[in-house]
Every structure is written in structure tokens, then in C-alpha cells.
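Read-outs: derived from the displayed coordinates by stated rules, not from any lab. Since the structure is predicted, the reported quantities are computational estimates derived from the model, not experimental observations. Virtual Cβ from ideal backbone geometry, glycine too; neighbours counted across all protein chains shown.
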Amino acid sequence: MKAAVLQATKQIEVLDWNYRSPSPKEVIVKVKSCGICGTDQHIYHGHPGSAEVHPPIVLGHELAGEVVEVGAEVSTPQKGDRVSIDPNIYCGTCEYCRSNRAHLCNHLQAVGVTRDGGMGEYCVVPNTNCYKIPDHMTFEEAALVEPLGCVLHGFKKVLLSPLSKVLIIGGGFIGQLFLQLVKQQNVDSIIVSEPAENKRELLYQLGADEVVHPMNASNLEADVVIECVGRADSMELAVKSAAKGGQVLLFGVAAPETAISVSPFEIFSKELTIKGSFVNPYTHEEAISLISKKVVDVGSLISHRFTIDELPEAMADFPKLKVSKAVINQ
């Protein structure tokens, strides 16, 4: 099959790549659409994803397609089914798996991270990681179920009320998903901190009450702050902007060496709650429902579409292209 293979840091090549036969409990999916995640860019630049990455490997953990072959012990899904893939594979036996915290699994594997993913024509995945999608759902939408599932996991960590003033730091794709979920809660107000002028109109359409440039965000105060960037300055702004009794969700993926400076006294005196959020434990089905029912719009958030052949150049030029959300279609 044709696949875009990560050979080393900042080196992706389109190759004729062999995929293995499925085990008794695996299926082969013909990939129709695969999202390019910010984490894929992290991996491309030599950082880990949800787990350590060992090239050569086919990236792509946001994927959807059609089942074309099933293992000997697979009863569902069936050949011909249209599916979205949850990439995370848990061992089921470690202390975290056995205490309802499987996403913290000591032996976590992931499609497109520790094993070949969706940036190829075919992908081998466990049958239990396949979720059937409605006939009216596009494969692009189905590929973007995974990031919405991650956002749902983070979203459930904060408590919102009609009195909540919410600040979302980062108006890119992830911030846009959080914005739609928060809007559904009828909170008091939603402010988005985003430097890109070209995103402002969309952010207002999605429900922002105010969009501000980060340079003008230093005096903001919010009951709930959701950080979607992963930069040191934006995470420090998240803590500084939290009101007394506030909640801070650090969702953006920082580089492993990134460190931030915060005042413990500020955390103490404002009695802040600061939380992290990691991957998408068992939120895939709910995310499919939200997209299917048009509660959350993902399709209109796609800014770029590529083919596999275009991927090496696209990954190299990602910052220049000003990508909000990109997908690979086949």
C-alpha cells in the first residue's frame, strides 16, 4: 500500500509499505480520511505522542474508513461497515486499567503512535477500537471524532453553571470544539483569547461573546479557564486569569521540556483548582453522537485537505500554511 512513513525527525517519505494480516481479533480498515493532529506535528519534530514513538512508523491517530477484512474471531464490525477508530489500546491488567483510569495505562499503545496509523491506504486495528458511524456522517467528520472525544474528556473535568465566566485560551481547532461544548451550557459569558484575526469571525459564529488578542488578555478574569495552546506563556496566563475559586484546565500539549512559572501563593490564596487532561477514555461513542446530531460542527472547521503524496511537504510547511485543521483524504 501507499503510506506516508515517518523515517526520522522531520523526515516523512511516501513509500510502498506492507501492512500485516489481522490477528483473530483485528480488522483491516481502508482509510478514507485521516486528521492531522497537533500531536502529529509534535511527533514529526521529535517529541513523544501519547506514548513513545519509534520510527519508521505510519502516523495518523484520527482516522475513519471502511472495514475490508476481519479476523477469524471478529463478529463485529463486519466487512463493509463504515467505522471511526478510537486509537488508544489499553492493557486491561495494570493498576490504572483496573481502577477505571485506563487512559493512564502503564502499557498504553495507540494506532498512529506506537503502531501504524491512518496516513496510509490501509490500517490494522483491534475490532474493539472500531465504532460504526451513521450513513449520513461523512468520513471527514468520522475522522474528527477522536479529537472531539479528547475534548469531551477535558470538558467533563470542569464544573459550569449559568453564572460561569469562561475564558478559552487558543481559538484553533481544539478551542473551537471547546467553545461549542461550553456554549451548550448557557454560561454567563465566553471570551476567547486568539491572536489570528482570520479566526475571529468563525469564533463569534461558534458562540464567543468576545474575542481578544493575547496581548490584551492580561487583565481578564474568569471562573473557568481552558488552555488549548500548550505554550508556557498561555499556561501562565491561564493561572493568572483564574478568579478566586476558579478552575484551570491545562489541555494544550506542551513540549516535554516546557516549564512554567506560577505563584504557589496565588494558587493558595485564590484556592484554584488546576487539572490536566490526557487522551479520550471511552468518549468515542458520545462524540459520534454529538457530531451526528449536529450539536458539534467539525466539518466546517477544516481549513486544509491533502493527499498522501502531498503530506511530506505539508508537514514541513505546517506553520507557514496557517493550518487550523487539516485532513488527508483518499
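Tabulated results
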read-out	value
For the chain, Kirkwood radius (reciprocal of mean inverse C-alpha pair distance, Å)	20.4 Å
5 angstrom amide H check on GLU69, placed H, neighbours 5+ away	ILE28
In Hz, Karplus ³J(HN,Hα) per residue of the stretch 73-88 (6.51, -1.76, 1.60; θ = phi - 60°; x = Gly, Pro)	9, 8, 9, 8, x, 10, 4, x, 5, 8, 9, 10, 10, 8, x, 8
Extension gain from ASP317 to ALA72, taking 0.36 nm per residue of separation minus the Cα-Cα distance	83.9 nm
For ILE89, distant residues with modelled amide H under 5 Å away	GLN109, ALA110, VAL111
Potential extension, LYS30-HIS45 segment - 0.36 nm per residue separation minus Cα distance	2.7 nm
For the stretch 47-61, Karplus couplings with θ = phi - 60° (6.51, -1.76, 1.60), whole Hz, Gly/Pro x	8, x, x, 5, 8, 5, 10, 10, x, x, 7, 8, 6, x, 10
Cα gyration tensor category, rounded, prolate or oblate, for the stretch 105-236 with a/c compared to 1.5	prolate
Relative contact order [Cα under 8 Å, 6+ residues apart], the chain, whole percent	19 percent
Fraction of the pair-distance distribution of the stretch 226-330 above 22 Å, Cα-Cα pairs, percent	54 percent
LYS244 paired with GLU285, simple spin-label distance in nm, labels 7 Å along Cα-to-beta-carbon	4.4 nm
Extension gain, GLN185 back to THR9 (0.36 nm per residue minus Cα-Cα distance, nm)	59.2 nm
Volume in Å³ per residue [convex hull over Cα atoms, computed for the stretch 158-276]	94 Å³
Karplus 3J(HN,Hα) series, Hz, for the stretch 258-270 with 6.51 cos²θ - 1.76 cosθ + 1.60 (x for Gly, Pro)	5, 10, 10, 10, 10, 8, x, 5, 5, 5, 5, 6, 8
